[in-house]
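Report on the structure given below.
The values are calculated or read from the model by the stated rules, or taken from the named source; none is laboratory data. Keep in mind the model is a prediction, meaning the values are calculated, not measured. Glycine also receives a Cβ, built like all others from the backbone with ideal geometry; neighbour counts cover every protein chain displayed.
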Amino acid sequence: MNGDRDPALGNREALGLLIAGAAATAGGTLVSLAIHLGYCLDGRATDTLAINPLVLIVTAAAGQVSWPITATLALVAELVLLAAVVIPALRWWKARHPARPWIDAKAKHLAYGPELLPLTESAVTAKAAMLGVRVPGDTVAGLSLGIAVADRQNLWADYETLHIDIWGPRQGKSTSRAVPAVCEAPGPAIVTSNKRDLVDDTRGIREKKGRCWIFDPQAVADSGDPDWWWNPLTSVRTEVDAAQLASHFADGDDGQAVRKDAFFDPEGESLLAALFLAAAVGDEPITRVYEWISDPDDLQPVRMLEQRWPLIATGLRAQYELDRRTRSGVFATGRKMAASLRLESIRRWVTSDSPTDKRPQLDPAALATSRDTLYMLSLEGAGSCGPLVNALTASVLEAATHIGSKQPMGRLSTPLVCVLDEAANVVRWRDLPKRYSHFGSRGILVLTILQSWSQGVRCWGAEGMEALWSASGVRVVGSGVDDNEFLRRRSDSIGDREQLRGTLTRHSGSVSRSWQLTDKRILTLADLTAIPRGRALIWTAGMRPVLVETVPWMRRPYADLVAASRAHYGPTQQPTVTTPSDHNDLRGKKESR
């Protein structure tokens, strides 16, 4: 990893002689100065002492010049004084210039300088003005990416760019990417996660901008009883809407990797879609669907659909009239998909308690044009509310897309930032890869964070993951990724560089050298596997990849606000982490509070 320098291109003998000469000169100067000082302290004349240190040392060694005891004391004093100056100076230099990770030496072979112009603050500000984006005057009109290692430029992504991040676990993706994205969101934000830390770290900041809606049926963040509710059937106006809602439940907790039955799974999803449509038509709560799907003899949903949706009613009746064994399999499949609706812990989040229930109802369309924040938390396994997180995420993004298409420039005037942390574990939205590129043109910034490429393939399939990667304008690979096939492709995309390689030949005491140009891989598979924490590679359209230093929230202008939010909302009192200031930190403009 450090073998960029070809030893055959250097001259070790000359370098050794140069170092030895410098050391000899410095030592001779100290000895000569010590003799002069010793003579002066003894009151002896120094006229007979040679000025040239080399001559003086030679004559002293030959006994022609005496070495007084005071000269020894002077030499010791010189060494002590030199140490007193050099050691603090070295410590100061080391503190100001800490050791750089090995990968930083590779940055000069990647994008830097004028190549990074589209990622500068001035470029994203100009892009925002061109798009008619409205952001607070005290914030940069983009999402921060980090600091370019090669030339220390602060890099930003504009408000038309979608992101995908792949980092290993516990490598700082939340502190360096998710938390800053939420804190820097100029308007509404929606956040998904399977941990509470993202909520605890950002809630204090986001509450100063608008209301925080926390969807937490599994008590991941210990948010208590719901003080608001959301009706998933509000967005069901057509059979297509019902089918989309059913698809979120069909994807469930398992993702694409689970083998599905070619008959029962499609039939179960179709049954669920028809029941959702019936509940929407009859103004029933969504939990009624689980009651219907648990009773194959209850034909009430068919009767509710017959007037307005006769063809859907006919198809639903046909499922009710299947032979008993087949019907049992279809209903069992649908019941498994809708299993989350039977949980009491989920009921109050998606239904109103009574006609006198004074809790506000979440309106996805209103959220899309506000400065509110929606947090959605879900865990895998038994009791998961993953299907509802899928549905709620899709509902807000669909509403934002519709509203954006009707605003000037066909996009939201104030961007909506969507951070899908632990996306493959929380948001298994089947159509996300298909819709991804469309979001950017509507003023919706989506940041999808994964732990590996294979995790995305498990969720969306190989083609879906390829589509998601291709649709992203910013693709980030952080540290801790251990996926050889994916990293090998990244290494190939970075490519090679030309290197002058020398051949060193020794024969009969003589040395000869020859040189030739060879291709050398800039970052090998082993290099990418060993990316150190605090570094990441970023690919953007039309540009070579760039190596960046990631900037965690602890080194950003709002660090105190995040620490205060964590201390207030976290599970225990957190000590404030103090980090040395760095003149290379991102100097984003602070928000007025």
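Before moving on, here are some points about what is shown:
- If you go through the stretch 96-128 and keep only what is touching a residue at least 12 places away in the same chain (Cβ under 8 Å) and farther than 30 Å from GLN499 by Cα, you end up with THR120, GLU121, ALA123, VAL124, THR125, LYS127, ALA128.
- The residue list GLN455, GLN407 contains one member that is more than 30 Å from TYR569 (Cα to Cα) and over 24 Å from the mean Cα position of the chain (by Cα), which is GLN407.
- Only listed residue being modelled with pLDDT under 90, outside the structural domain of PRO169 (by TED's automatic domain parsing) and of a type in the set (Val, Ile, Thr), chosen from THR524, THR518: THR518
- Filter pass, PRO188 being more than 25 Å from ALA536 (Cβ to Cβ), touching a Lys or Arg at 6+ places or on another chain (Cβ under 8 Å) and surrounded by 23 or more Cβ atoms within 10 Å (Cβ to Cβ): yes
Here's the yes/no breakdown for (1) within 26 Å of ALA250 (Cα to Cα); (2) in the same structural domain as ALA181 (by TED's automatic domain parsing); (3) touching a residue at least 60 places away in the same chain (Cβ under 8 Å); (4) assigned to a helix (DSSP H, G or I):
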| position | (1), (2), (3), (4) |
| --- | --- |
| ALA366 | no, yes, no, yes |
| LEU388 | yes, yes, yes, yes |
| SER395 | yes, yes, yes, yes |
| VAL419 | yes, yes, yes, no |
| ARG428 | yes, yes, yes, no |
| ARG442 | no, yes, no, no |
| VAL446 | yes, yes, yes, no |
| CYS459 | yes, yes, yes, yes |
| TRP469 | yes, yes, yes, yes |
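- All positions within the stretch 312-347 that are of a type in the set (A, V, I, L, M, F, W, C) and within 47 Å of the chain's Cα centre (by Cα): ILE312, ALA313, LEU316, VAL330, PHE331, ALA332, MET337, ALA338, ALA339, LEU341, LEU343, ILE346
- All positions within the stretch 507-548 that are in a strand (DSSP E or B) and either surrounded by 18 or more Cβ atoms within 10 Å (Cβ to Cβ) or on the phi > 0 side of the Ramachandran plot (or both): ARG535, ALA536, LEU537, ILE538, TRP539, THR540, VAL546, LEU547, VAL548
- Selection within the stretch 105-122: residues that are of a type outside the set (Val, Ile, Thr) and in contact with a Phe, Trp or Tyr (Cβ under 8 Å, 6 or more places away or on another chain). The member of this set that is surrounded by the fewest Cβ atoms within 10 Å (Cβ to Cβ) is GLU121.
- Search result, residues across the stretch 494-506 that are exposed (fewer than 12 other Cβ atoms within 10 Å of the Cβ) and small (Gly, Ala, Ser): none
- When LEU379 is tested against (1) assigned to a loop (DSSP other than H, G, I, E, B); (2) surrounded by 23 or more Cβ atoms within 10 Å (Cβ to Cβ), exactly one condition is not met: (2).
- The requirement of being buried (at least 21 other Cβ atoms within 10 Å of the Cβ), assigned to a helix (DSSP H, G or I) and either in contact with a Phe, Trp or Tyr (Cβ under 9 Å, 6 or more places away or on another chain) or not assigned by TED's automatic domain parsing to the domain that holds ILE190 (or both) is fulfilled somewhere in the stretch 347-359, by at least one residue.
- Qualifying residue in the stretch 256-275 (condition: more than 37 Å from the chain's Cα centre (by Cα), farther than 30 Å from GLY456 by Cβ and either in contact (Cβ under 8 Å) with a residue 12 or more places away in the chain or not in a loop (DSSP other than H, G, I, E, B) (or both)): yes
- Checking HIS163 against (1) surrounded by 20 or more Cβ atoms within 10 Å (Cβ to Cβ); (2) out of contact with any helix residue (DSSP H, G or I) (no Cβ under 6 Å at 6 or more places or on another chain); (3) under 26 Å from VAL457 (Cα atoms); (4) at pLDDT below 95, the condition it does not meet: (4)
- The residues of the stretch 430-440 that are at pLDDT below 90 and either more than 17 Å from HIS248 (Cβ to Cβ) or assigned by TED's automatic domain parsing to the domain that holds ASP251 (or both), listed by number, are SER437, HIS438, GLY440.
- Top-ranked residue in the stretch 300-331 [being touching a residue at least 12 places away in the same chain (Cβ under 8 Å) and farther than 24 Å from ARG237 by Cβ; ranked as surrounded by the fewest Cβ atoms within 10 Å (Cβ to Cβ)]: SER328
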